[in-house]
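Asks: Take this structure, written in structure tokens, and hold onto it; I'll ask about it next.
The values are calculated or read from the model by the stated rules, or taken from the named source; none is laboratory data. In this text, all values refer to a predicted model and were calculated from it rather than measured experimentally. Cβ: placed from backbone, ideal geometry, glycine included. Neighbour counts: every protein chain shown.
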Amino acid sequence: MTSDTPGRDAIDAALERLYPGPEPLRWTVGDLAPLDRVRFYRRVEPVPHWHAVSYGMSELYGKQSDNPDESGWGFEFTFRLRREPGEAEPPVWAANFLQNLARYVFETGNWFEPNHHMDLNGPIALEQRHTLIRAVAFAEDPELGTIETSNGTVQFLQVVGLTPDEYEATQAWSVRDFLELMARRVPLLITDLRRASLLDDPEVVVAVEEGRRIDGSSTATLALSEFGWRPDGDLVRLVLGAHVADRVAKTLLGRLPFGRPLRLDGPESSAEFSSGSFSVGTAEDADDRLIVVLTDEALDTLVQVLVPEPGVRAAMEPLVVEIVRTAGPRS
């Protein structure tokens, strides 16, 4: 008999292989459109945690997309969250968080892949304001991996919580390399809302700085909600939020000296930085895109004024940098 839900059946089978038994410990949170459901598995090893798996990013029923190789968006979300002592039920906010990620994909058409990243601009959950986890990166789930279904492949894409300075390190260096470094200290890349930053460990700081010095940064574009530029008389004013200034500075240092450009995308304008003979001007095909070519000396001067303190500072003519106070956390 042919199933009406071949995609869902394939996910069920993958989970049954990982969690065998007639009655696995799981909870289903429904009515999460665009997700059909989120299942939570209660784990004890390697540390107590919830293992959440989404249903709905892939094609759960018949084939609908024109891509025969991938099912739907080609992935399902997973999320491993440290379980609190005595916590018998999975936290609903985690299901809602995955729902919000799914809604972002469906509404914008921007999908996620391993080594993608996102600044959450606030705590990962509104009721968890004490947590330092305020950004995420994505990695293939170390236990579920990728499966083949009749609708195409489905990769289980794990959401990994990061602190702001860890997120900054992924930009200045490499998401992939930082997650590999993290995996040696955080089993199964479990998100722990109570943990301190890994960069509190001097060995991690040395590893990140050494990696950035040798490899440079793999980040070609930074999408920043608080970035823009505008003409200012004979000058050009770059405007950045205080909380992103240091990240931009470190990413520039991880790109331009290695001959790699960096693009900053703001809500209304963008700027592309590269190394060479100094020049500043707009792109021939887009008046809202600034093209900045920096010598080594000009790069050093620019980086020196990219500090997280509000104020207007001259860089090198015609560039002026304005650092604005960052908006408060989302509410």
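Asks: Just one of 29, 53 is of a type in the set (Val, Ile, Thr), assigned to a strand (DSSP E or B) and at pLDDT 95 or above; which is it? Talk me through it step by step, then tell me what you get.
Replies: On the way: 29 fails: at pLDDT 95 or above.
None of the other options fit; the residue is 53.
Asks: Assigned to a loop (DSSP other than H, G, I, E, B) and over 19 Å from the mean Cα position of the chain (by Cα): which single residue out of 195, 230, 213, 185 fits that description?
Replies: Unique residue meeting the criteria: 185.
Asks: Any residue in segment 255-264 that is modelled with pLDDT of 95 or more, in contact with a Phe, Trp or Tyr (Cβ under 6 Å, 6 or more places away or on another chain) and not in a helix (DSSP H, G or I)?
Replies: yes
Asks: Still on this structure, please answer the following. Cβ contacts < 7 Å: first residue within 28 Å of residue 72 (Cα to Cα), restricted to segment 31-51; second residue among the β-branched types (Val, Ile, Thr) and surrounded by fewer than 18 Cβ atoms within 10 Å (Cβ to Cβ), any location; separation 6+ or different chain. Result?
Replies: 37/28; 39/28
Asks: Let me ask something additional. Pick from segment 276-299 the residues that are loosely packed, with under 13 Cβ neighbours inside 10 Å and among the charged types (D, E, K, R): which of them is nearest to residue 258 (Cα to Cα)?
Replies: Residue satisfying both the conditions and the ranking: 296.
Asks: I'd like to know if segment 146-163 contains one or more residues that are surrounded by 20 or more Cβ atoms within 10 Å (Cβ to Cβ), under 12 Å from the mean Cα position of the chain (by Cα) and either in a helix (DSSP H, G or I) or among the acidic types (Asp, Glu) (or both).
Replies: no
Asks: I'm told residue 277 meets every condition in (1) touching a Leu at 6+ places or on another chain (Cβ under 9 Å); (2) of a type outside the set (Phe, Trp, Tyr); (3) assigned to a loop (DSSP other than H, G, I, E, B); (4) more than 22 Å from residue 312 (Cβ to Cβ) except one. Can you identify the failing condition by its number?
Replies: So the condition that residue 277 fails would be (1).
Asks: Quick one: count up the residues across segment 32-42 that are surrounded by 20 or more Cβ atoms within 10 Å (Cβ to Cβ) and in contact with a His (Cβ under 9 Å, 6 or more places away or on another chain).
Replies: The total comes to 2.
Asks: Next question. Pairs, please: C-beta under 6 Å, at least 6 apart or cross-chain, first residue farther than 13 Å from residue 118 by Cβ and in segment 219-233, second assigned to a loop (DSSP other than H, G, I, E, B)?
Replies: Note: pairs meeting the criteria are 227/266; 228/266; 228/268; 228/269; 229/269.
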